[in-house]
Amino acid sequence: MATNPNNSEQLEPQKKRMAAYCRVSTDQLEQLSSYEAQVEYYTSYITNHPDYELAGIYADEGISGTNTKKREQFNKMIKDCKNRKIDMIITKSISRFARNTLDCLNFVRQLKDLGIGIIFEKENINTLDAKGEVLLSILSSLAQDESRSISENSTWGIRRRFEQGKVAVNHTKFLGYDKDEDGNLIINENQAKIVRRIYKDYLDGKGPNRIARELEEENIPNWNGKAKWYEGSIRKMLSNEKYKGDALLQKTYTVDFLTKKRVQNTGQIPRYYVEESHPAIIPKDMWEAVQLEMERRRAFAEKHGIVKVDYATVENPFAGRVICGHCGSPFGRKVWNSTNETFRRKIWRCNKKYKIKGEKSCENKHIDDRTLYQAFINVTNAILENKDHFINKWRQQDSEDLLKKYKTEQFIQLFKEATTLTEFDIDLYFKLIKKMTVFKGEKIIVTLLDDTEVECEIE
């Protein structure tokens, strides 16, 4: 009886589509060689096996295995399983597949429901066997304990290095620095120029929000190459001790070795401060002056009940800087629609004038927006007319306060070069002015940032 060749082909056992999963836990060289060896081994093993055909090698390199959130290849493999592209998975061991018991059992059961088994070579387990899941549960628990031990040993090693003053900084999101071949921080001069500008702008009176907006407007790139800046990130840069060449180690710490959740270290574990650990971008005196200026602005806002620090902008330079001479509260800007004028009139008045019920309102008078602009021009010109007196006064100041020292040196240079003002200079205003105190519509006392006071009569 003749046989049908097509029937004989149908009787041949169908090969299972086998995938391999490989992973190493760090990016150290010896581990990477292990990673490459695993990929090579499984490619050869599956290709040469008579019962399997290669469905793919999925390999995660240099990624922690205590959870699966960041393991891109692992997640891709699971997705391909759900799309019925894989029949079996082979991996070196449970600890290579997952060190988190819950994750491990969850994925084993998901795949088992799809009819997909996992072969763990080291433990000699096939999850489709009857005894597979019982044994797997026991071994996964052991693997989780092993992961905890590795995490604790790693943490111990990191803390010993901190104690020895050895600094490890992730420079990829750290504007201003690169790393050399030995892993030491080196200055990226192009980025360092931006850092220096941010510090100078802040000491020139600009707020973090204005600095961020101006950087975006000028299309200046951040660490990621994108011209996107945030007020919060500018504030962090201004308080980062690494820019003056020092390093505070262990600012945060891991509270859960499985989720890798990190929290701020507020004294739960030791912190270590290393001086001159790497090249500085910002001189120490300038860095300290910035910290004093941040504290000065915060204290000023708190003293006068100003809700937001650094409230003043180019469009509204007097916000948070006009103070009531009667009650000490800030003045707020109001807009009056005048019937006698063809434009809207902007005035400033004490925020407590009509606000507090049951209390006597503030008796101070309002003041016109244009009067404040003119007051700054008049005061600046008065200083210029007597600049020799003021420059000698600033030179004689021998303050240990680094902020005052910085400002007086800046003032000397500014008034040496300045000429008579005929119109409002926004940049000069922010560099000079601390506050403008208004007294019943009669006079304004203009206080400079070094606490020099100049009185100006209201005309």
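Some points to look at:
- Protection proxy ranking, highest mean first, for peptides 290-298, 392-400: 290-298, 392-400, where packing is the per-residue count of other beta-carbon atoms within 10 Å, averaged.
- Between LYS82 and LEU128, the simple spin-label model (points 7 angstrom out along Cα→Cβ) gives 2.2 nm.
- Taking LEU54, LEU111 and counting other C-beta atoms within 10 Å, the order from fewest to most: LEU54, LEU111
- Put simply, when 409-420, 79-90 are sorted by average Cβ atoms within 10 angstrom per residue, most first, you get 79-90, 409-420.
- The fewest-to-most ranking of TYR429, TYR354, TYR58, TYR373 by surrounding Cβ atoms within 10 Å reads TYR354, TYR373, TYR429, TYR58.
- Theoretical gain in end-to-end length, ALA299 to SER93 [0.36 nm per residue, Cα-Cα removed]: 68.3 nm
- Legend: distances between Cα atoms for LYS353/LYS407; LYS236/LYS352; LYS179/LYS407; LYS365/LYS434; pairs beyond 30 Å are LYS353/LYS407; LYS236/LYS352; LYS179/LYS407.
- Integer Hz, Karplus 6.51/-1.76/1.60 couplings in order for the range 388-401, x for Gly and Pro: 4, 4, 5, 5, 5, 4, 5, 5, 7, 5, 10, 8, 7, 6
- Subtracting the Cα-Cα distance of ARG370 and LYS393 from their residue separation scaled by 0.36 nm leaves 5.2 nm.
- Residue exposure proxy: GLU241, GLU217, ordered by other Cβ atoms within 10 angstrom of their Cβ from fewest to most, comes out as GLU217, GLU241.
- Label-to-label distance, nm, for residues given as LEU248 and ALA382 (7 Å Cα→Cβ offset): 4.2
- If R0 is 41 Å, the Cβ-Cβ spacing of LEU414 and SER361 corresponds to a FRET efficiency of close to 0.55.
- Protection proxy ranking, peptides 36-47, 321-332, 118-129, average beta carbon neighbours within 10 Å, highest first: 321-332, 118-129, 36-47
- The alpha carbons of the range 322-457 stretch over 48, 37, 22 Å along the principal axes, in descending order.
- Given their separation in residues at 0.36 nm each and the Cα-Cα distance between them, GLU53 and GLU218 gain 53.8 nm when the chain is fully extended.
Read-outs throughout are calculated quantities, based only on the coordinates presented, and are distinct from any laboratory measurement. Keep in mind the model is a prediction, meaning the values are calculated, not measured. When we count neighbours, we look across all protein chains shown, and the Cβ atoms used for this are built from the backbone with ideal geometry, even at glycine.
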